[in-house]
Each structure stands twice: as structure tokens, then as C-alpha cells.
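The values are calculated or read from the model by the stated rules, or taken from the named source; none is laboratory data. Quantities reported herein were computed from a predicted structural model and do not represent experimental measurements. Positions of Cβ are backbone-derived with ideal geometry, glycine not excepted, and every protein chain shown enters the neighbour counts.
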Amino acid sequence: MELAKVIGNVVATVKIENLGAGKLLLVKSIDENGNEIGNPQVALDTIGAGEEEIVLLVRGSSARVSLSNKSSVDLNVVGIVDNIRSNGKVVYIKNEPILKE
């Protein structure tokens, strides 16, 4: 699993049928300290995550298995994070800004 921040959404009016069960989110991976890393990616969300939330992602075969319809998904939101504690420090609490030292 990976951590990512929801930075937006993607609208695709023409898509395969089995993507109809969720929305497409624009996400950016974060490290254990809440810093954004890498390039933005599109993930399928079937649990209702929103912009600025931190989410758990699975990719590849795990992303496909996590969906009951076995769609052609490579990146899937499987959880909304409530808090992150890393190296003895709280680095994220939902509904509060990411803490920086």
C-alpha cells in the first residue's frame, strides 16, 4: 500500500462500463513525513475520499482484486487516513493541516 494526498479530480464522460462505480481522483504520493513526492496519478475511488485528504492506495493486481467487478484499474483508493505517526512524531491528523517542523 501507498500513501497519497488527493489533489483534485478527473472527469471522463466516456469510459468503460465497469469504471462507473467510482470517481476518478488526481492523487500525489507522499512520504512518511507528509511531503509530496513523484508525479500526480489518477486513482479510482469507490469509498468517497475528498480533495486534500490523505488516502491509502493499492496498485497493480492488488488494485484489481480490491474491486468486486475486477475492472481494468491499476490504482485504487482503499482507505481514508485518520492520522499518521512516523519516527515518534504525529505528521498528519485528518481535518488539520499537515504539520511541518
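What are the pairs with Cβ atoms under 6 angstrom where one residue, in the range 32-55, is exposed (fewer than 13 other Cβ atoms within 10 Å of the Cβ) and the other, located anywhere, is among the acidic types (Asp, Glu)? Sequence gap at least six, or different chains.
Close Cβ pairs satisfying both conditions: Ile37/Asp31.
Is it the case that Ser86 is exposed (fewer than 12 other Cβ atoms within 10 Å of the Cβ) and either within 18 Å of Asp31 (Cβ to Cβ) or modelled with pLDDT under 90 (or both)?
no
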